[in-house]
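Visitor: The following block contains the structure, expressed as structure tokens.
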Amino acid sequence: MFLIVAFVAVFVLAGLALTLPTLAQTTTTTATTTQATSSQGTTSAKASLSTSSQGAGVTVVITGSGLVANHSVTATFGTTPLSLSQPCVTNSAGVLSGCSFVVPNLAHGSYNVVVSDGKNFVTLTFTIPVVAIPESTLLVTMTSVGLSLVTQLVTRRVVNLDAERRMKAEVSAFNKEKREATLAKDKAKLEKLKKRELPMRQEQAKVSSARLKVTAITFVPLLAVYYLMASFLGGFNVVVAHSPIPIPLLVGPTGTMALFWWYMLSSFTFSTVLTRLLHTTT
């Protein structure tokens, strides 16, 4: 089993480590929307992107305000002119909405997206990550499986599961006996149970403390792997999966799932499965 753990851990960490030199070329984003004001023209001109980090072929929506009224808008991605959706024209209030482009097939890295109405030029930053969907979906899923497996195997090694199960049964029997004595108003039996309760609770706390050791052992390594994975993929809120099911809060309006939510969903699912398979629950 521990050979499996070592293999998974080395696989995940080695895959991330090999890409660390490229991280300097990638701008990590911490929000799903990038917004900037005009670098030329009126200072009230603003524009934003629906996401600031995505892979090639993904549709990104541009919105803006304070632009020239009733005027067409153009945009460039690095040095590449973008083919924007039609119509890409501001309204009478200088507001731009419903305009989008497809991320071009370029190398990973950070690019300037310049949105212009002919008078104002708003510069936004966009990152094409090293790995995009579906590879990013698989990477996050396999990482969550590996980390869940490591946690469960550490639990088997650190926690005395047999003692934990015995203690659980003893506490359950004690609580049942106490309820029956309380309902029967048996003061003598309640007094005896009271004397047994403190030592039993102390032993229970001692057995349960092993679970805290598992957290202490695994927390920092798991956090480090998650951080490296997020940096590698392009940010903590980068979109890494698509969901056909509209789950409130977890899934965006276009069916996208950010790294955090996909990782949490994968971890919860596989942790539950592995807990049952490895019998690490009591």
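The values are calculated or read from the model by the stated rules, or taken from the named source; none is laboratory data. Every value quoted in this text rests on a predicted model; they were computed, and no experiment measured them. All Cβ positions, glycine included, derive from the backbone under ideal geometry; neighbour counts span all protein chains shown.
Visitor: I'd like the full set of residues that are of a type in the set (A, V, I, L, M, F, W, C) and surrounded by fewer than 20 Cβ atoms within 10 Å (Cβ to Cβ), limited to the range 102-113.
Guide: Passing the criteria: Val102, Leu106, Ala107.
Visitor: Let me confirm something: among Arg211, Arg201, Arg196, which residue is within 37 Å of the chain's Cα centre (by Cα) and among the basic types (Lys, Arg)?
Guide: Arg211 is the lone residue from the list that is within 37 Å of the chain's Cα centre (by Cα) and among the basic types (Lys, Arg).
Visitor: Within the range 153-172, does at least one residue satisfy the condition of being at pLDDT 90 or above and within 30 Å of Val238 (Cβ to Cβ)?
Guide: Yes - at least one qualifying residue is present in the range 153-172.
Visitor: Six or more apart or on different chains, Cβ under 6 Å: which pairs go from a residue in the range 193-221 that's surrounded by 10 or more Cβ atoms within 10 Å (Cβ to Cβ) to one that's assigned to a helix (DSSP H, G or I) and charged (D, E, K, R)? Could you list them?
Guide: Leu193/Lys178; Val207/Glu164
Visitor: Please state which of the following conditions Val130 fails to meet, knowing it meets all the rest: (1) touching a Pro at 6+ places or on another chain (Cβ under 8 Å); (2) aliphatic (A, V, I, L, M); (3) modelled with pLDDT under 90.
Guide: Here Val130 clears every test but (1).
Visitor: Which of the residues spanning the range 243-282 are surrounded by 14 or more Cβ atoms within 10 Å (Cβ to Cβ), free of Cβ contacts under 8 Å to residues at least 24 places away in the same chain and of a type in the set (Phe, Trp, Tyr)?
Guide: Trp261
Visitor: Taking the options Thr63, Thr80, name whichever one is in contact with a Pro (Cβ under 7 Å, 6 or more places away or on another chain) and either of a type in the set (A, V, I, L, M) or without any contact (Cβ under 8 Å) to a residue 40 or more places away in the chain (or both).
Guide: Answer to the check: Thr80.
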